[in-house]
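What follows is one structure encoded as structure tokens, with my remarks underneath.
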Amino acid sequence: MTNDHHARLARYFPTVDEIPPEHGLAAPVHQRGYLIGGKILEWDGPCKTVRSPVCTRDATTGDVSQVEIGSYPLMGEVQSDAALDAAVAAYDNGRGQWPTMTVAGRIACMQTFVKGMVERRQAIVNLLMWEIGKSLADSRKEFDRTIEYIQATIEALKDLENDHSRFMVVEGTIGQVRRTPLGVVLCMGPYNYPLNETFCTLIPALLMGNTVVLKPPQYGTLLFEPLLEVFRDAFPPGVVNTIHAPGELVVPRMLASGKISVLALIGSSRVADHLKKQHPKSHRLRAVLGLDAKNAAIVLPDADLDLAVKECLLGALSFNGQRCTALKMLIVHSSVVDAFLERFTAELARLKMGMPWEAGVHITPLPGPHRTAYMTEAIEDAVAKGARVVNEGGGAFCSTLFDPAVVYPVREGMKLYREEQFGPVVPVMSFDAVDEALDYVITSDHGQQVSVFGTDAAQIGALVDPLVNQVCRVNLNCQCQRGPDVFPFAGRKDSAEGTLSVSDALRAFSIRSMVAAKLTEPNKALLNTIVREHQSKFINTDFIF
Ligand code: G3H
């Protein structure tokens, strides 16, 4: 990389004075509070300094350095034990206030929570932007999408409950079936969607009556600080507990205690495998996992190239490629690969690079220099094995800012062929026979989604049939993505365990339980009396509006 590139990239970083006051952090956030058993406790132990992906530039020297935006408690086993015990106590073997509360009561608490969360939108969005470098527009989108997800989950829960608000009589047996909670859920989200993906498991887990230990991701921690008092005030004590501690120190320990009933993790398959093995009775542990992915785009010879380029660009580089659903390998037919690369690199050159608050910005800084170092290593490995960076300036970097690189031709044996790069590097390979593209998907360890670009109905139809048995979503002429959230979000192989969607998540965090009785006169009278006199929260025929 030349010094010119370095200097060019350094100029994207502002000097301290150039940060627009309306988008700056009024003051660093030094979080000391953490929520356990309904109390926000004050931490006086060691803390972790939080550095933003955003750097500032010294106007005189031109040197850049990551902005310190705050700190949070660096807790240990004592606190994680306390958080877990508080969740266990609040669940109280299913007898706690929360697991026995009516669904209407839980929904009311959740609405209180939503109200408090919405009031803190600006602070949370700003922290999201500063902590993970997500553009302001996308940070707002993440927040708003999360609120919509909560409301949609509440509506789905009402439908679920109302469907079960009746007795069935089958072969002389009266039954009422409802979904009931599982116990204590350990919730851990990822840094790329720290709010949305954490809440995609936290919210359904809570609504179904479970109690929770929440461990925020390594980047994207401070944004939970404004929510501590909202959690405290909206839910009974111990229903939500937070822990800030190195994962490797406290998470295996929590699982080894045998007190966790559900592991909800959006992270790596390696970590998930390790954690699941810690539970002393693995059959008692349910896992809801969103894991690694290496989604491919297959561009067929008759594809609309403008459309394919536009979608592949968005798919590969939205939020700098830091999405689990990102397109991480482009497989383009050899007859169109040159034209594709020419248009792709031309469009890539038009993507705006800059700071997250800038309007229309697309490429923003990465979490730390370790990420730019990994991207560089992956590119160097590919180049040493015969590939090249096809776009001018691709792969140049300055601290956390990395110029996206298109690397071609990528082949088996290169890191970029199989590793999930999770960043702004776009590996491209070509194929002649469609079986070669299919073979890439079949031999992959990942099985989340794929995109197919083409116009021939016969060819696409024939390709879809094997692909749906390899991945869980085949996107035709568009990029891979999770939404809309009512659709199932799942994965095969190393990509996921369980299915998330607004309604599937409610099922994932609950189990059906039923009350059954022989269809006799005394039993009919007994059940009618229980319903009429509201003697049970489970046995009832109430309708939630
Ligand atoms: O990181 C994985 C996210 O769930 C992706 O969601 O496809 O809507 O960006 P998205």
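Taken together, the values in this text are just the output of simple stated rules run on the coordinates, not laboratory data. As the structure is a computational prediction, the values presented were derived from the model and not from experiment. Note: ideal-geometry Cβ built from the backbone for every residue, glycine included; neighbour counts use all protein chains shown.
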Q.
Out of the GluC sites (Glu not before Pro) in the range 59-119, which ones are loop residues according to DSSP with at most 15 other C-beta atoms within 10 Å?
A. none
**Q.** Alpha-carbon centroids, the range 480-496 and the range 111-135: separation in whole Å
**A.** 25 Å
Q. Along the charge dipole of the chain, Cβ charges K/R +1 and D/E -1, which of Val213, Val309, Leu330 sits furthest on the positive end?
A. Val213
Q. If you project the alpha carbons of the range 225-346 onto the principal axes, what extent comes out on each, in Å, largest first?
A. 60, 35, 22
Q. Under Stokes-Einstein, with the Kirkwood radius over Cα pairs standing in for Rh, what whole-number D in µm²/s applies to the chain at 37 °C and 0.692 mPa s?
A. 131 µm²/s
Q) Expressed as a fraction of 2.2 N^0.38 Å, the rule-of-thumb size for a compact globular protein of N residues, what is the C-alpha radius of gyration of the range 1-153? A) 1.40
Q: Take the alpha carbon atoms of the range 68-83, find their center, do the same for the range 291-358, and report the distance between the two centers in whole angstrom.
A: 39 Å
Q. Check Asn475: other-chain or 5+ apart residues with amide H under 5 Å from its amide H, H built from backbone geometry?
A. Val450, Ser451, Val452
(Q) Which three numbers, in whole Å and largest first, are the semi-axes of the equivalent ellipsoid of the range 34-91 derived from its Cα gyration tensor as √(5λ)? (A) 38, 10, 9
Q) Residue-wise, which Karplus ³J(HN,Hα) couplings in Hz belong to the range 26-43, taking 6.51 cos²θ - 1.76 cosθ + 1.60, θ = phi - 60°, and x for glycine or proline? A) 3, 8, x, 9, 9, 6, 10, x, 8, 9, 9, x, x, 10, 8, 8, 9, 8
Q: Would you calculate the volume per residue, in Å³, of the smallest convex hull containing every Cα atom of the range 148-237?
A: 120 Å³
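Under 8 Å for C-alpha pairs, at least 6 residues apart: give me the relative contact order for the chain, rounded to a whole percent. Don't skip to the answer; put the middle values down first.
Details: 1124 pairs, mean separation 96.7, N = 545.
18 percent.
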Q) So what's the net charge close to Ala387: Lys and Arg +1, Asp and Glu -1, counting the other residues with Cβ under 11 Å from its Cβ? A) +2
Q) Per residue and in Å³, how big is the convex hull formed by the alpha-carbon atoms of the range 1-78? A) 143 Å³
Q: Sum -39500 (n - 2.57) across every DSSP H segment of at least 4 residues in the chain, then divide by the residue count to get the 222 nm mean residue ellipticity, nearest 500.
A: -11500 deg cm²/dmol
Q. In the range 391-545, what % of DSSP beta bridges are antiparallel (nearest 5)?
A. 40 percent
Q.
Need one number: convex hull volume per residue for the range 82-290, Cα atoms only, in Å³.
A. 126 Å³
Q) With a sphere of radius 9 Å drawn around the Cβ of Ala10, what net charge do the other residues whose Cβ falls strictly inside it have (Lys, Arg +1; Asp, Glu -1)? A) +2
(Q) If you take every residue apart from His370 with its C-beta less than 12 Å away from the C-beta of His370, what net charge results, scoring Lys and Arg +1 and Asp and Glu -1? (A) +1
Q: Compute the whole-percent fraction of alpha carbon pairs in the range 295-491 spaced more than 23 Å apart.
A: 39 percent
Q: Using DSSP, restrict attention to beta bridges with both residues in the chain and report what percent are antiparallel, rounded to the nearest 5.
A: 45 percent
Q: Determine the percent antiparallel among the DSSP beta bridges restricted to the range 295-491, to the nearest 5.
A: 15 percent
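Rounded to two decimals, what is the ratio between the C-alpha radius of gyration of the range 115-178 and 2.2 N^0.38 Å?
Normalised Rg, Cα atoms only: 1.88.
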